[in-house]
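Trainee: Please see the structure below; I have some questions.
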Amino acid sequence: MKKILVLHGVNLNMFGKRDPAQYGTLTLDEINQKIQNLAKELGCTVEIFQTNHEGEICAKVHQAHLEKVDAVVINAGAWTHYSYALRDALAILKVPIIEVHMANIHAREPFRHLSVIAPLAKGQIAGFGVHSYLLGLRAACELIR
């Protein structure tokens, strides 16, 4: 069975509490449950990881490379816009990377328009709330079939 790593970056543990106008009211646990349910439906397994520590997310990407995961779906949060360390870790991977965002980063503050991850990603899905994750998971499953 194909394995997909879903990464949640900095502050995303606060979904459901932080700026519901941008991010909705679902908690991270509720989002993760929807991801798990869809993965079962699609015949993929997912490992889900969230951290507020940049080194930890880079280490998780290194581990994903060593374990030969089949794809990565990532919402890096604010790290999207400036973390060259995370970008360089992701560049090690030879599998599809799908970048997702709950909010439309291109309709927000100018500093959010830049993604240092986007050049490595097969695609970017933004602005659809929890559906961004689900669409990202669907895309990852299709790309690895």
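The numbers here are math on the coordinates, done by the rules we state, and not lab data. Model, not experiment: these values are computed from the prediction. Neighbour counts are summed over all protein chains in view; Cβ atoms, including those assigned to glycine, are modelled from backbone coordinates with ideal geometry.
Trainee: For the cross-link pairs Lys40/Lys122; Lys34/Lys60; Lys34/Lys94; Lys3/Lys34, which exceed 18 Å when the distance is taken from alpha carbon to alpha carbon?
Mentor: Lys40/Lys122; Lys34/Lys60; Lys34/Lys94
Trainee: Pairs of Cα atoms under 8 Å, at least six residues apart: use those to get the relative contact order of the chain, whole percent.
Mentor: Once divided by the residue count of the chain, the mean separation gives 28 percent.
Trainee: Something else: FRET efficiency for Glu142 and Lys17, Cβ-Cβ distance as r, R0 = 30 Å, nearest 0.05? Let's see the in-between values first.
Mentor: Details: r = 33 Å, r/R0 = 1.09.
Calculated transfer efficiency: 0.35.
Trainee: Let me ask another. Under 1.5 on a/c is rounded, so check that first for region 80-145, then, if it is not, pick prolate when a/b is larger than b/c and oblate when it is not; a ≥ b ≥ c are the square roots of the alpha carbon gyration tensor eigenvalues.
Mentor: Verdict is oblate for region 80-145.
Trainee: Consider the candidate values [x] 0.95; [y] 2.29; [z] 2.19; state which one is Cα Rg over 2.2 N^0.38 Å computed from the structure displayed.
Mentor: Answer label, from the structure shown: [x].
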